[in-house]
1. Helix-only estimate, please: 222 nm mean residue ellipticity of the chain, summing -39500 (n - 2.57) across DSSP H runs of length 4 or more and dividing by its residues, to the nearest 500.
2. Say the cut-off is 32 Å between C-alpha atoms; which of K133/K227; K133/K181; K25/K240 go over it?
3. What's the local net charge at S81, with K and R +1, D and E -1, over the other residues with C-beta under 13 Å away?
4. Under a point-charge model restricted to the Cβ atoms of Lys and Arg (+1) and Asp and Glu (-1), what is the dipole moment magnitude of the chain relative to its Cα centre, in debye to the nearest 20?
5. What does the charge add up to near L26, with Lys and Arg as +1, Asp and Glu as -1, over the other residues with Cβ less than 15 Å from its Cβ?
6. Please work out the average accessible area per residue across the chain, using the 1.4 Å probe convention, and give it in Å².
7. For the chain, what % of the accessible area comes from carbon and sulfur atoms, probe 1.4 Å?
Amino acid sequence: MTEDKMRLQKYLALCGVASRRAAEKLIVDGRIAVNGVVVTELGTKVSSGDKVTFDGKPVSGGESKIYIALNKPTGVLSSASDDRGRRTVVDLVSGDFPDGVRLYPVGRLDYDTEGLIFLTNDGDFTYKVTHPKHSINKTYEAVINGRLTEDEIVSLCRGVDIGDFVTSPAVADIIREEKDKSVVQITIHEGKNRQVRKMFEAVGHRVLKLKRISVGNVKLGNLKSGKWRELSEREIKILKGTAK
């Protein structure tokens, strides 16, 4: 399935084999094979159905798969590391797992956005959750300045131009209104950079606070800021599309 293709070095990194840069060297050195054929080209792409091996061993062989849901605080990066020394989502959980376990965030949340994000060492899971073709819903609770008009709600629901992209239809509901601000719940299935903030800006409102409260079938619930929990087997299967 062509649309699922990912660069081999990224796939190796997501599966916890090595960092992306180190994975590139493994490829060039001829230590990686795809479907039984050694590859040395960095442009090689693979899909979730390909069999990838490292020194003859499956990249997932013997490695326990980890799936966690984290309540990311604001001021934390949705990345595995940062060359400027800023705190990342991986920093929040690294002390809870043995040395050598490499976890990666699934998708991203803006630096100043809080809420639900997954971390895993399963590249297939990352494929399923992040690829646009799977259209997994993401629900946010936004505190905005002012009050939404009926026309503005309709615009959000139909899709708005956020500069370089016209959003797909969304679901928007007013949860609470105060004198000079409103709490709005909005559900989208895309993940463009700062998309929710840009959507509200497009209809004339500034986001004061933003929290992601669900991804697909997984809800943030009462998980405290900075804390995490393991995903249930049922949650994982539904997100991967293998539930019966």
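The values are calculated or read from the model by the stated rules, or taken from the named source; none is laboratory data. Fair warning: this is a prediction, and the values are worked out from it, not measured in the lab. Neighbour counts are summed over all protein chains in view; Cβ atoms, including those assigned to glycine, are modelled from backbone coordinates with ideal geometry. Areas reflect the complete protein model, heavy atoms only, side chains present, ligands, DNA and RNA absent. Shrake-Rupley method; radii C 1.70, N 1.55, O 1.52, S 1.80 Å.
1. Working: 7 runs with 54 residues, N = 244.
The helix contribution divided over the chain gives -6000 deg cm²/dmol.
2. On the way: K133/K227 30 Å; K133/K181 35 Å; K25/K240 30 Å.
Too far apart for the 32 Å limit: K133/K181.
3. Values: positive: R20, R21, R84, R86, R87, R102; negative: D82, D83, D91.
With Lys, Arg at +1 and Asp, Glu at -1, the net is +3.
4. Working: 41 positive and 33 negative charges, 59 e Å.
Using Cβ point charges on Lys, Arg, Asp and Glu, the chain gives about 280 debye.
5. Numbers: positive: R7, K10, R20, R21, K25, R31, K57, R102; negative: E24, D29, E41, D55.
Around L26, the surrounding residues sum to +4.
6. Values: 12990 Å² over 244 residues.
Result: 53 Å² per residue.
7. On the way: 6010 of 12990 Å².
In the chain, the share of accessible area belonging to carbon and sulfur is 46 percent.
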